[in-house]
Amino acid sequence: QVHGYKGVKFQNWARTYGCCPEMYYQPTSVEEVREVLALARQQNKRVKVVGGGHSPSDIACTDGFMIHMGKMNRLLQVDTEKKQVTVEAGILLADLHPQLGEHGLALSNLGAVSDVTAGGVIGSGTHNTGIKHGILATQVVALTLLTADGTILECSESSNAEVFQAARVHLGCLGVILTVTLQCVPQFHLQEITFPSTLDEVLDNLDSHLKKSEYFRFLWFPHSENVSVIYQDHTNKPPSSSANWFWDYAIGFYLLEFLLWISSFLPGLVGWINRFFFWLLFTRKRESSNLSHEIFTYECRFKQHVQDWAIPREKTKEALLELKAVLETHPKMVAHFPVEVRFTRGDDILLSPCFQRDSCYMNIIMYRPYGKDVPRLDYWLAYETIMKKVGGRPHWAKAHNCTRKDFEKMYPAFSKFCAIREKLDPTGMFLNAYLEKVFY
């Protein structure tokens, strides 16, 4: 019999959302997961599977049964010829990287955080940047899904293809992902070059930046013209780093946190802080190189609130300039730096924010200095209004105020996904408060 725990309090990484599940399970095998689902059917309980707990929203919260997949974290199979690996869904990407390295393999693209599970990363539509690269879920070539009634479905382009197109971005609502097969590439090194620019320059030359660098993104510093451009590209250079404890930590974290805390009493300081830190940390050209996963991932030091929407790539300039104009016409509205702008190739996954279109992700942020919430609702609302106007779709893992009506407009295949969900989970075992807003 699988052992569950009472009285566990779940909190997400940023400590912005939490819940107290009635029972908390850490299964070690498929059989144990099956037992939990059987128990849930008997007692009419809801079930939520949680991965690394990094999602800045309540997408993983439940007061029913919570299944933590951390003990199902093995690399099961390596096909060196096809460069494909099969992993249990609970494996952390941070633990997978060195194991892939032993086989001379790597993932072609990764998000900023690696303390996340394979099952969670695909389920929430996690992305990085690079207009030739899709969201992380596009690297999935097969997966196995345990449905509410205890059936195991093997899904790929060639079997259960419809479920596969839905399950690659599954939102945790189709069942329990047990294994994921990922398409890898030969291990590679990346060089990262960071240099200063202006918003007008980058927006006017967007296509040329996208052509110049395989993984291009930029950071805009609100209340200014300042932009930091980041190029990441394949290299044969030996590993080198421009990291420096004093600048990165003493200044870039401790001093910044203190000043942001003061600005929570004096909001007028925020614009000055954004310009000062750009001058301090981002006006020199910086270069570093390392193994791909070391360059893709960076440490999130700040607890924070974020929003991240995908808009059609050709709307990038219009949306950013409008956000800038709104901040200029409302001097009381404050925006922390940076606004991070990334680019992703379109795909055909039903609920992918990049469904059928190349996209620009525009991520806004408000830090919580010493855990203190800074007023952000005006900024949040202004941003959401612009995003909706240009046809945006919110990142599933991040907080948003959209409902089923919105999603029906945003996603051409929304009703198709709903039909698949209702067939796989007719009683709504895998729903929670977050998902009810999405589907009802």
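Structural remarks
- If the condition is being farther than 20 Å from VAL176 by Cβ and part of a helix (DSSP H, G or I), then the stretch 420-440 contributes only LYS437.
- Scanning the stretch 276-318 for residues that are surrounded by 18 or more Cβ atoms within 10 Å (Cβ to Cβ) and among the hydrophobic types (A, V, I, L, M, F, W, C) returns PHE277, PHE278, PHE282, ILE295, PHE296, VAL306, TRP309, ALA310, ILE311.
- Screening VAL8 on (1) buried (at least 17 other Cβ atoms within 10 Å of the Cβ); (2) not in a strand (DSSP E or B) shows it passes everything except condition (1).
- Boolean, TYR383 is touching a residue at least 40 places away in the same chain (Cβ under 8 Å), in contact with a helix residue (DSSP H, G or I) (Cβ under 8 Å, 6 or more places away or on another chain) and under 21 Å from VAL113 (Cβ atoms): no
- Test for PRO412: is it at pLDDT below 95 and over 25 Å from VAL176 (Cβ atoms): no
- Of all residues in the stretch 412-433, those that are under 14 Å from SER352 (Cα atoms) have Cβ atoms under 7 Å from Cβ atoms of residues that are of a type in the set (D, E, K, R), 6 or more apart or on another chain, in PHE414/GLU408.
- Residue check, VAL339 modelled with pLDDT under 95, more than 28 Å from VAL49 (Cβ to Cβ) and touching a Leu at 6+ places or on another chain (Cβ under 9 Å): no
- Only listed residue being in contact with a helix residue (DSSP H, G or I) (Cβ under 8 Å, 6 or more places away or on another chain), at pLDDT 95 or above, under 17 Å from LEU199 (Cβ atoms) and crowded, with 18+ Cβ neighbours inside 10 Å, chosen from LEU323, LEU350: LEU323
Residues checked against (1) surrounded by fewer than 16 Cβ atoms within 10 Å (Cβ to Cβ); (2) under 22 Å from THR283 (Cβ atoms); (3) of a type in the set (Gly, Ala, Ser); (4) touching a strand residue (DSSP E or B) at 6+ places or on another chain (Cβ under 8 Å):
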| residue | (1), (2), (3), (4) |
| --- | --- |
| GLY175 | no, no, yes, yes |
| VAL180 | no, no, no, yes |
| CYS184 | no, no, no, yes |
| GLN191 | no, yes, no, yes |
| THR194 | no, yes, no, yes |
| LEU199 | no, yes, no, yes |
| LEU210 | no, no, no, yes |
| SER213 | no, yes, yes, yes |
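- The stretch 369-399, residues that are surrounded by fewer than 22 Cβ atoms within 10 Å (Cβ to Cβ), of a type in the set (Lys, Arg) and within 19 Å of the chain's Cα centre (by Cα): LYS398
- Positions within the stretch 66-82 being out of contact with any strand residue (DSSP E or B) (no Cβ under 6 Å at 6 or more places or on another chain) and charged (D, E, K, R), in sequence order: LYS71, ASP79, GLU81, LYS82
- When ILE152, ILE135, ILE122, ILE131 are checked against the criterion of being closer than 21 Å to GLN232 by Cα, in contact with a Leu (Cβ under 7 Å, 6 or more places away or on another chain) and of a type in the set (A, V, I, L, M), ILE131 stands alone in meeting it.
Matching residues to (1) among the acidic types (Asp, Glu); (2) in a loop (DSSP other than H, G, I, E, B); (3) closer than 26 Å to ALA399 by Cβ:
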site	(1), (2), (3)
SER108	no, yes, no
VAL113	no, yes, yes
ILE122	no, no, yes
LEU145	no, no, no
LEU153	no, no, no
GLU162	yes, no, no
CYS173	no, yes, yes
LEU178	no, no, no
LEU182	no, no, no
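- Answer from VAL227, VAL121, VAL140 - the residue that is crowded, with 22+ Cβ neighbours inside 10 Å, farther than 24 Å from TYR25 by Cβ, of a type in the set (A, V, I, L, M) and under 19 Å from the mean Cα position of the chain (by Cα): VAL140
The values are calculated or read from the model by the stated rules, or taken from the named source; none is laboratory data. Predicted model only: the values in this text are computed from it and were never measured. Here the Cβ is made from the backbone with ideal geometry for all residues, glycine too, and neighbour counts use every protein chain on show.
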